[in-house]
Amino acid sequence: MSQDPWIQNYDATCRLAQEIAENIHERNRQQRTGGNPAKINMTLRASLQKLKQNITQLRETLIRASSQRRIIQSEADRRQSLLDSLVTKERQLLASFKGDITESEPARSTLMSSGGGGQGGAVNPWLVDESEETRGLSFGEIKTQQQQIIEVQDAGLDALAAVISRQKQMGQEIGNELETQNEIIDDLTNLVDKTDGRIRNETRRVKLVETKSASCGMLVVIVLLLIAIVVVGVWPTG
């Protein structure tokens, strides 16, 4: 999976910030040793301006991606957190660039020095407020750690997409089964209606036959009675 352009730009901006921190370190060394830091100060001003522009571009790109729903909300929040941290670093770098090298020891002690123990070591403003997870790691190791986190998140998103796809397929299959069952129920309803109509018709025919049978029975009795009269020659009197 190719790396997201925003992440690439973020990594490039982090590298720029690291370069600025190293240049500030070198500028401070030159000031302490009586060198002329004019050239490196010009480079630092241009680099700080470029850093500010990169952060602005990252912010605008993140806002567009979030508003257009090209990334999920959790990823937008994660990137916003990274961007906020980068803004803080940029402010600290700018403050370090403008600060006097003779700043008080308590102020210097708030930063991590590359010389160890704060004795003669130059300030590395990029490492201010470093988290426990990245403390002691090199920039390359931090980048690798971030890439691993992104890969884990991508794998989680792929797994979630697979689950959603399976659920969608199950829903479609259930829907198809319901349609089939509804068709069967409709057929049974029609069959029951037809059967009920036939039963009603047969019932009426049976009743009609019974009525006709009763009438025929009375007629037979009368005919037999007349025959008996004729044969016997006796007509019953009142």
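Only one of these is among the acidic types (D, E) and within 23 Å of I7 (Cβ to Cβ): E26, E90. Name it.
Numbers: E26 fails: within 23 Å of I7 (Cβ to Cβ).
Result of the check over E26, E90: E90.
Among the residues of region 32-44, write down those that are open to solvent by 70 Å² or more (accessible area, probe 1.4 Å) and in contact (Cβ under 8 Å) with a residue 12 or more places away in the chain.
Result: R32, single match.
Only one of (1) more than 29 Å from Q148 (Cα to Cα); (2) assigned to a helix (DSSP H, G or I); (3) of a type in the set (S, T, N, Q) is not met by N36, so which one is it?
Only one criterion in (1) more than 29 Å from Q148 (Cα to Cα); (2) assigned to a helix (DSSP H, G or I); (3) of a type in the set (S, T, N, Q) is unmet by N36, namely (2).
Could you check region 48-80 and list, in sequence order, the residues that are open to solvent by 80 Å² or more (accessible area, probe 1.4 Å), part of a helix (DSSP H, G or I) and either touching a helix residue (DSSP H, G or I) at 6+ places or on another chain (Cβ under 7 Å) or not charged (D, E, K, R) (or both)?
Q49, K50, K52, Q53, Q57, R59, I63, S67, Q73
What pairs can you find where one residue is in region 75-88 and free of Cβ contacts under 8 Å to residues at least 40 places away in the same chain, the other is charged (D, E, K, R) and assigned to a helix (DSSP H, G or I), and their Cβ atoms are less than 9 Å apart, with a gap of 6+ or different chains?
Between residues of region 75-88 that are free of Cβ contacts under 8 Å to residues at least 40 places away in the same chain and residues that are charged (D, E, K, R) and assigned to a helix (DSSP H, G or I), the close pairs are Q80/R59; V87/R59.
Restricting attention to region 165-201, which residues are open to solvent by less than 90 Å² (accessible area, probe 1.4 Å) and closer than 30 Å to E75 by Cα?
S165, G171
The values are calculated or read from the model by the stated rules, or taken from the named source; none is laboratory data. Quantities reported herein were computed from a predicted structural model and do not represent experimental measurements. Counting neighbours? That spans all protein chains shown, and the Cβs are built from the backbone with ideal geometry, glycine included. Side chains included, ligands, DNA and RNA excluded: accessible areas come from the protein's heavy atoms. Shrake-Rupley method; radii C 1.70, N 1.55, O 1.52, S 1.80 Å.
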